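K.L.:
First the structure, then my questions, so here it is.
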Amino acid sequence: MTFDIVLIGGRVIDPETNLDALRNIGIRDGRIMAISSEMLTGDQIIDVSDLVVSSGFIDLHVHGITNQEQEYQVRDGVTTALELEFGVPYLAEWYRSREAKAMINYGASVCWAVDRVRGIEAVNPAFEEVQHEVSAGDYRGIPSVMNHFSRAFSIELSDTGKVKMLEGIKSALTEGGVGIGVPIGYVGGASREEVFKIYQLAGEMHVPIFSHVRSGGTMAVQQAICDALLTNAPLHIVHINSVTQSEIGLAIEMVQTAKKQGFDITTELYPYPAGSTGLQTAIFDEGWQERLGVSYDALQWVAT
Ligand SMILES: [Zn+2]
């Protein structure tokens, strides 16, 4: 058999079949027809030795959602980039603004942190005003609307507010939300009851929750796992390394234990020891040194 294109000598990695070896790849009519250690012949031979050949990566944790960031994501081999931790408020408007523009597959979760302001009377009018703003033109998600709503992150919802919040999540899910972003670590005003109600909804609708857990390290991971177990909500704990730090081994053991028992609970971690976040966020509220176990010498302000 001869092929249209043959990739020669690449390190072929296929997680589905656990393959990680030097192989040649034969492509015909745009499809991979052979993965072989034998020599293959074709019209076009491309030497890919010293390169990794793999299916496109799905990045579950991006915050850059414009083409500027997608240019980097493509170069990293990412073909699907998802903003799941925070999600994107005004999902319908965002999906519309990306139509025919995006370089790779894209998607986002429901942005509970912003959507919940629909349940806060003092901030509620701003929600529709901003919606008006973002429906015109290129829309960059959270960074472009953050200053309107960050104040609301520390406000607790009333009982009627919680009902509106849940309705807001449901309607955003119909706009294409890939689950629910629950970055409680940034939303100090979120009561245990509010969060439990979100898990209940996720369990009933069987949609995943993506959570940057509260501050509190492993105890906060336990809290999230407990909510998921009680409600049967699928749960993905984002960057478990930065939230549990030196107790990461224990935290991963907890996730693995839940998985082994059949619960749909997963996690992720990034492979570098630094993190990046907003100085104005709840992460740096009073007591951050004790909570994070670091002080000023560990901080770097990018602009300087
Ligand atoms: Zn985070």
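K.L.:
Can you name every residue in the stretch 172-186 that is on the phi < 0 side of the Ramachandran plot and touching a strand residue (DSSP E or B) at 6+ places or on another chain (Cβ under 9 Å)?
P.N.:
Keep residues of the stretch 172-186 that are on the phi < 0 side of the Ramachandran plot, which gives 172-175, 177-178, 180-186.
172, 173, 175, 177, 178, 180, 181, 182, 183, 184, 185, 186 - these are the residues of the stretch 172-186 that are on the phi < 0 side of the Ramachandran plot and touching a strand residue (DSSP E or B) at 6+ places or on another chain (Cβ under 9 Å).
K.L.:
Now for a different question. Scan 179, 203 and give me the residue that is open to solvent by less than 30 Å² (accessible area, probe 1.4 Å), more than 16 Å from the ligand (Cβ to nearest atom) and not basic (Lys, Arg).
P.N.:
None of the other options fit; the residue is 203.
Here's the yes/no breakdown for (1) modelled with pLDDT of 95 or more; (2) open to solvent by 60 Å² or more (accessible area, probe 1.4 Å):
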{"position": "55", "(1), (2)": "no, yes"}
{"position": "63", "(1), (2)": "no, yes"}
{"position": "71", "(1), (2)": "yes, yes"}
{"position": "78", "(1), (2)": "yes, no"}
{"position": "81", "(1), (2)": "yes, no"}
{"position": "87", "(1), (2)": "yes, no"}
{"position": "93", "(1), (2)": "no, no"}
{"position": "98", "(1), (2)": "no, no"}
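K.L.:
Report yes if residue 252 is outside any strand (DSSP E or B), surrounded by 10 or more Cβ atoms within 10 Å (Cβ to Cβ) and either within 16 Å of the ligand (Cβ to nearest atom) or in contact (Cβ under 8 Å) with a residue 40 or more places away in the chain (or both), otherwise no. Give the steps one after another, and end with the answer.
P.N.:
Working: outside any strand (DSSP E or B): yes; surrounded by 10 or more Cβ atoms within 10 Å (Cβ to Cβ): yes; either within 16 Å of the ligand (Cβ to nearest atom) or in contact (Cβ under 8 Å) with a residue 40 or more places away in the chain (or both): no.
So residue 252 fails the test.
K.L.:
Also, I was wondering about something else. Name the residues in the stretch 133-167 that are at pLDDT below 95 and either among the small types (Gly, Ala, Ser) or closer than 17 Å to residue 200 by Cα (or both), would you?
P.N.:
135, 136, 137, 141, 144, 150, 152, 154 - these are the residues of the stretch 133-167 that are at pLDDT below 95 and either among the small types (Gly, Ala, Ser) or closer than 17 Å to residue 200 by Cα (or both).
K.L.:
Exactly one of (1) within 16 Å of the ligand (Cβ to nearest atom); (2) closer than 19 Å to residue 163 by Cβ; (3) in a helix (DSSP H, G or I); (4) not hydroxyl-bearing (Ser, Thr, Tyr) is unmet by residue 224. Its number?
P.N.:
Going through (1) within 16 Å of the ligand (Cβ to nearest atom); (2) closer than 19 Å to residue 163 by Cβ; (3) in a helix (DSSP H, G or I); (4) not hydroxyl-bearing (Ser, Thr, Tyr) one by one, residue 224 breaks only (2).
K.L.:
Condition (residue is at pLDDT 95 or above, within 15 Å of the ligand (Cβ to nearest atom), at negative phi and in the same structural domain as residue 147 (by TED's automatic domain parsing)) applied to the stretch 282-298: is it met by at least one residue? Working first, answer last.
P.N.:
Restricting attention to the stretch 282-298, the residues satisfying the condition of being at pLDDT 95 or above are none.
No, the stretch 282-298 contains no residue that is at pLDDT 95 or above, within 15 Å of the ligand (Cβ to nearest atom), at negative phi and in the same structural domain as residue 147 (by TED's automatic domain parsing).
K.L.:
I'd like the full set of residues that are surrounded by 14 or more Cβ atoms within 10 Å (Cβ to Cβ) and without any contact (Cβ under 8 Å) to a residue 12 or more places away in the chain, limited to the stretch 111-126.
P.N.:
Our first condition is that a residue be surrounded by 14 or more Cβ atoms within 10 Å (Cβ to Cβ); within the stretch 111-126, this holds for 111-120, 123-124, 126.
Hit for the stretch 111-126 is 124, nothing else.
K.L.:
Where residues in the stretch 227-240 are open to solvent by less than 50 Å² (accessible area, probe 1.4 Å) and either outside the structural domain of residue 107 (by TED's automatic domain parsing) or away from the ligand (no atom under 16 Å from the Cβ) (or both), which of them is farthest from residue 197 (Cα to Cα)? Walk me through how you get there before you give the answer.
P.N.:
Pass one, the stretch 227-240, residues open to solvent by less than 50 Å² (accessible area, probe 1.4 Å): 227-228, 231, 233-240.
Now narrow it down to the ones that are either outside the structural domain of residue 107 (by TED's automatic domain parsing) or away from the ligand (no atom under 16 Å from the Cβ) (or both): 227-228, 231, 233-234.
Working: 227: 9, 228: 11, 231: 9, 233: 11, 234: 14 Å.
The extreme case among them is 234.
K.L.:
Considering only residues of the stretch 182-193 that are away from the ligand (no atom under 16 Å from the Cβ) and closer than 14 Å to residue 228 by Cα, which is most open to solvent (accessible area, probe 1.4 Å)? Before the answer, list the steps.
P.N.:
At the first step, the residues of the stretch 182-193 found to be away from the ligand (no atom under 16 Å from the Cβ) are 189, 191-193.
With closer than 14 Å to residue 228 by Cα added as a condition, the list becomes 192-193.
Values: 192: 175, 193: 90 Å².
Among residues in the stretch 182-193 that are away from the ligand (no atom under 16 Å from the Cβ) and closer than 14 Å to residue 228 by Cα, the one most open to solvent (accessible area, probe 1.4 Å) is 192.
K.L.:
When you scan the stretch 241-248, do you find a residue that is open to solvent by less than 100 Å² (accessible area, probe 1.4 Å), closer than 25 Å to residue 201 by Cα, at pLDDT 95 or above and within 18 Å of the chain's Cα centre (by Cα), even just one? Before you say what the answer is, go through the steps one by one.
P.N.:
First, the residues of the stretch 241-248 that are open to solvent by less than 100 Å² (accessible area, probe 1.4 Å): 241-245, 247-248.
Then drop every residue that is not closer than 25 Å to residue 201 by Cα, which leaves 243.
Next, only the ones that are at pLDDT 95 or above stay: none.
Within the stretch 241-248 (the criterion being open to solvent by less than 100 Å² (accessible area, probe 1.4 Å), closer than 25 Å to residue 201 by Cα, at pLDDT 95 or above and within 18 Å of the chain's Cα centre (by Cα)), the answer is no, since none of the residues qualifies.
The values are calculated or read from the model by the stated rules, or taken from the named source; none is laboratory data. Everything quoted here is computed from the prediction, not taken from an experiment. Virtual Cβ from ideal backbone geometry, glycine too; neighbours counted across all protein chains shown. These accessible areas exclude ligands, DNA and RNA; they are computed on the full protein's heavy atoms, side chains included. Shrake-Rupley method; radii C 1.70, N 1.55, O 1.52, S 1.80 Å.
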